[in-house]
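Participant: Before anything else, here's the structure in question.
The values are calculated or read from the model by the stated rules, or taken from the named source; none is laboratory data. None of the values given here were measured: they were computed from a predicted structure. Cβ placement follows ideal geometry from the backbone for every residue including glycine, while neighbour counts extend to all protein chains displayed.
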Amino acid sequence: MMFEMREQYGEILLKKWNLTFRQVLDQDNFSPIPVATEEEYRQFTSQFPFQDPELDKLPFPKKLPFSEFVPRVYSQLKEFIYACLKYYEDLHLRYASTHTHTHTHTHTYNI
């Protein structure tokens, strides 16, 4: 019974985040992110672990080589993984079982 509930909740999480990811994608303009200042650059790199030594050398203003989609999905993906882990933690499952199911659900998004 507990395993069936876990699977059902996993499916609910997948549906919820699938909709969230779709909304992020639908709202994206697919344009590189322009950053005018060092502060803006730090704001984006604090949300998403991006490193590009060549881009770091360029003067401001500059453009990040990805659209808003990337940091927004990264943030949502972290929330999705946290929600999965939190739920499995509350079920008091073994680490191996939790890891397997979280991996299975995140693999759905080809991560």
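Participant: Could you tell me which numbered condition Ser31 fails, if it satisfies all but one of (1) within 18 Å of the chain's Cα centre (by Cα); (2) under 22 Å from Leu64 (Cα atoms)?
Facilitator: Of everything listed in (1) within 18 Å of the chain's Cα centre (by Cα); (2) under 22 Å from Leu64 (Cα atoms), Ser31 misses just condition (1).
Participant: Hey, among the residues in region 70-80 that are among the hydrophobic types (A, V, I, L, M, F, W, C) and touching a helix residue (DSSP H, G or I) at 6+ places or on another chain (Cβ under 6 Å), which one's farthest from Glu39 (Cα to Cα)?
Facilitator: The qualifying residue farthest from Glu39 (Cα to Cα) is Phe80.
Participant: Let me ask you something else. Go through (1) under 24 Å from Trp17 (Cβ atoms); (2) hydroxyl-bearing (Ser, Thr, Tyr); (3) in a loop (DSSP other than H, G, I, E, B) one by one and return the number of the condition Ser31 breaks.
Facilitator: Going through the list (1) under 24 Å from Trp17 (Cβ atoms); (2) hydroxyl-bearing (Ser, Thr, Tyr); (3) in a loop (DSSP other than H, G, I, E, B), Ser31 breaks only (1).
Participant: Let me ask another. Output the number of residues of region 34-66 satisfying the condition of being among the basic types (Lys, Arg) and either touching a Cys at 6+ places or on another chain (Cβ under 7 Å) or assigned to a strand (DSSP E or B) (or both).
Facilitator: 2
Participant: For region 56-77, which residues satisfy the criterion of being exposed (fewer than 11 other Cβ atoms within 10 Å of the Cβ) and either charged (D, E, K, R) or modelled with pLDDT under 90 (or both)?
Facilitator: Passing the criteria: Asp56, Lys57.
Participant: Of all residues in region 43-55, how many are under 13 Å from the mean Cα position of the chain (by Cα) and surrounded by fewer than 11 Cβ atoms within 10 Å (Cβ to Cβ)?
Facilitator: So the answer is 1.
Participant: Considering only residues that are without any contact (Cβ under 8 Å) to a residue 12 or more places away in the chain and exposed (fewer than 13 other Cβ atoms within 10 Å of the Cβ), look in region 28-42 and name the one that is nearest to Ser75 (Cα to Cα).
Facilitator: The residue in question is Arg42.
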